[in-house]
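Take a look at the structure below.
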Amino acid sequence: MTPLFEPQPPVMILTTRGDAFPVRRVFCIGRNYAAHAIEMGSNPEREPPFFFTKWAETVVPSGSTIAYPPETQNYQFEAELVVAIGKAGRNIAAEDAASHIYGYATGLDMTRRDLQFAARDKGRPWDIGKNVEQAAPVGLIHPIADTGPLDHGAITLTLNGERKQSGDLSDMIWSVGEIIAFLSRYYRLEPGDLIYTGTPSGVGPVTPGDRIVVAIDGLSDTVIMVGAPAAD
């Protein structure tokens, strides 16, 4: 069987050991920090977790310049801890979740906020606001064998050197173990899956020329430049 066109090669993200981690799927957990839930106009109570997805091809490495996307006037940053799955499993117990983690990275969930809110207000899916080319930057992946399980540590984002987001991983409403347990009830998690675990409060807009830096204690930074709109 001959393909009609050349298939897209897999997206690869480097690890701190120099290996390439092939990205399979991207799961993103929504409103997982109480203060962010409030700023989005939602109840910060411990509601059941929910998630949305992004294509693997939205993932770009730290150091990239990402194009400002079309059809938005409000493109926003969200700093996140990213969990890289290294072992398959379904119905994983929260206390066993760490054995399925390959490692951790810093990352960004970039969002066309105006389109997200327009869809949300009509009860429609958020795909048009969230699943955007180059909208899932991620830093080097640190193996869990080197870091140990991450359940606390400062997470910050600076925009052009000014701090905009600040929190701690311990502020997450749903822990990494609970997130993995939840997702694995609905999907068999597979090696190559990335899980974006939510963002602290302080999200805001970017413009072309901006420099974004996401930092989490013990992990490599994600550094991204916002470029001009892409030319077709």
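Nothing in this text is a laboratory measurement; each read-out follows from the coordinates by a stated rule. The structure displayed is predicted, hence computed values, not measured ones. As a convention, Cβ positions derive from the backbone with ideal geometry for all residues, glycine included, and neighbour counts pool all protein chains shown.
Of note:
- Rounded Å value of the spacing that divides the Cα centres of region 16-31 and region 195-232: 16 Å
- Remark: relative contact order (region 13-227) = 34 percent; criterion is Cα-Cα distance under 8 angstrom and separation of 6 or more residues.
- Choice from ASP109, ASP193, ASP168 showing the highest fluctuation, given a GNM over the chain with Cα pairs closer than 10 Å: ASP168
- Cβ-to-Cβ counts within 10 Å put TYR75, TYR196 in ascending order as TYR75, TYR196, the fewest first.
- Along its first, second and third principal axes, ordered by size, the chain spans 53, 43, 37 Å in Cα coordinates.
- Only aspartates and glutamates eight or more places from LYS130 in sequence, or on another chain, were considered; those with a Cα closer than 19 Å are GLU39, GLU57, GLU71, GLU78, GLU80, ASP109, ASP114, ASP121, ASP193.
- Cα centroid separation - region 147-171 against region 65-106, whole Å: 15 Å
- Assuming charge only on the beta carbon of Lys and Arg (+1) and of Asp and Glu (-1), the dipole of region 13-227 about its Cα centre is about 500 debye to the nearest 20.
- Largest mean-square fluctuation among ALA215, ALA145, ALA88, in a Gaussian network model of the chain whose springs join Cα atoms under 10 Å apart, belongs to ALA145.
- Candidates PHE182, PHE27, PHE117, ranked by Gaussian network fluctuation over the chain, Cα under 10 Å, top entry: PHE117
- For LYS54, LYS130, LYS87, order by how many other beta-carbon atoms lie within 10 Å, fewest first: LYS87, LYS54, LYS130
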